[in-house]
Amino acid sequence: QVQLVESGGGLVQAGASLRLSCAASGLTFRNYAMGWFRQAPGKEREFVTAITGNGDNTVYADSAKGRFTISRENDKNRVYLQMNSLKPEDTAVYYCAARRYPEPILRSPIVYNYWGQGTQVTVSS
């Protein structure tokens, strides 16, 4: 049974940083590209960033470029999202997702096969 469990969300002020973590189990982790998505109330689920199975390539949404960094530690079956300079518009539930291929990186949520339960990130002004 594949499980993805996010942690690290919280309530912070604008300009602060958070580091999200996603723990994966039940899969050969290095064979899966991993992504982070977010969803604000009343809005579509939005691509934030993703990383190839071996960690050699990353892709970022324009909203995340220069502020967010995705990384993975395959020996630990974990993927991370470092978020700096947070803005109120970053407020959303953040989801970890796994795709059944290590590459290429794709942005559409419909091609990701497994999802975590989400962790709330709230940024106040």
Item checked: Residue that is in a strand (DSSP E or B) and open to solvent by 30 Å² or more (accessible area, probe 1.4 Å), where the choices are Val5, Val12 -> Val5
Check: Within the bounds of region 28-39, is there any residue that is open to solvent by 30 Å² or more (accessible area, probe 1.4 Å) and either over 20 Å from Val5 (Cβ atoms) or assigned to a strand (DSSP E or B) (or both)?
Finding: yes
Notebook entry, point to check: Which of the residues spanning region 21-50 are out of contact with any helix residue (DSSP H, G or I) (no Cβ under 6 Å at 6 or more places or on another chain), under 11 Å from Lys76 (Cα atoms) and not polar (S, T, N, Q)?
Noted result: Cys22, Ala23, Ala24
Item checked: Selection count, region 13-57, where residues are without any contact (Cβ under 8 Å) to a residue 12 or more places away in the chain, closer than 18 Å to Tyr114 by Cα and of a type outside the set (Val, Ile, Thr) -> 1
Check: Conditions: (1) closer than 14 Å to Ser7 by Cα; (2) within 10 Å of the chain's Cα centre (by Cα). Thr69 meets all but one. Number of the miss?
Finding: (1)
Check: So which residues in region 80-113 are surrounded by 21 or more Cβ atoms within 10 Å (Cβ to Cβ), in a strand (DSSP E or B) and hydroxyl-bearing (Ser, Thr, Tyr), if there are any at all?
Finding: Tyr94, Tyr95
Next item on the list: Might you check whether a residue that is under 11 Å from Ala33 (Cα atoms) and crowded, with 20+ Cβ neighbours inside 10 Å occurs anywhere in region 56-70?
Entry: no
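The values are calculated or read from the model by the stated rules, or taken from the named source; none is laboratory data. All values derive from a computational prediction rather than experimental measurement. No Cβ is skipped: glycine too gets one built from the backbone with ideal geometry, and neighbour counts run over all protein chains shown. For accessibility, only protein heavy atoms count, side chains too; no ligands or nucleic acids. Shrake-Rupley method; radii C 1.70, N 1.55, O 1.52, S 1.80 Å.
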